[in-house]
């Protein structure tokens, strides 16, 4: 599992960074959606080199329909 930094907000306005666990950057976007506020969009997604593996509270990896990810 990798940790991704997803920047969300309004282009040209306020932004914030969410750290989410995911296997791919596309799934990282899916993991960030439940943490976003109305009107926010995803501005960027970057894989991090986070040795502590810190993530946002309450976020779960999105998985797929046939292979849901589980935190261990």
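The values are calculated or read from the model by the stated rules, or taken from the named source; none is laboratory data. Keep in mind the model is a prediction, meaning the values are calculated, not measured. Cβ placement follows ideal geometry from the backbone for every residue including glycine, while neighbour counts extend to all protein chains displayed.
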Exercise for review: From the list 38, 62, 34, 51, pick out the single residue that is modelled with pLDDT under 85 and out of contact with any strand residue (DSSP E or B) (no Cβ under 9 Å at 6 or more places or on another chain).
Suggested key: 51
Exercise for review: Would you be able to tell me the number of residues in segment 4-15 that are closer than 20 Å to residue 53 by Cβ and either surrounded by fewer than 19 Cβ atoms within 10 Å (Cβ to Cβ) or out of contact with any strand residue (DSSP E or B) (no Cβ under 7 Å at 6 or more places or on another chain) (or both)?
Suggested key: 2
**Study point:** residue 25 modelled with pLDDT under 90 and surrounded by 13 or more Cβ atoms within 10 Å (Cβ to Cβ)
**Key:** yes
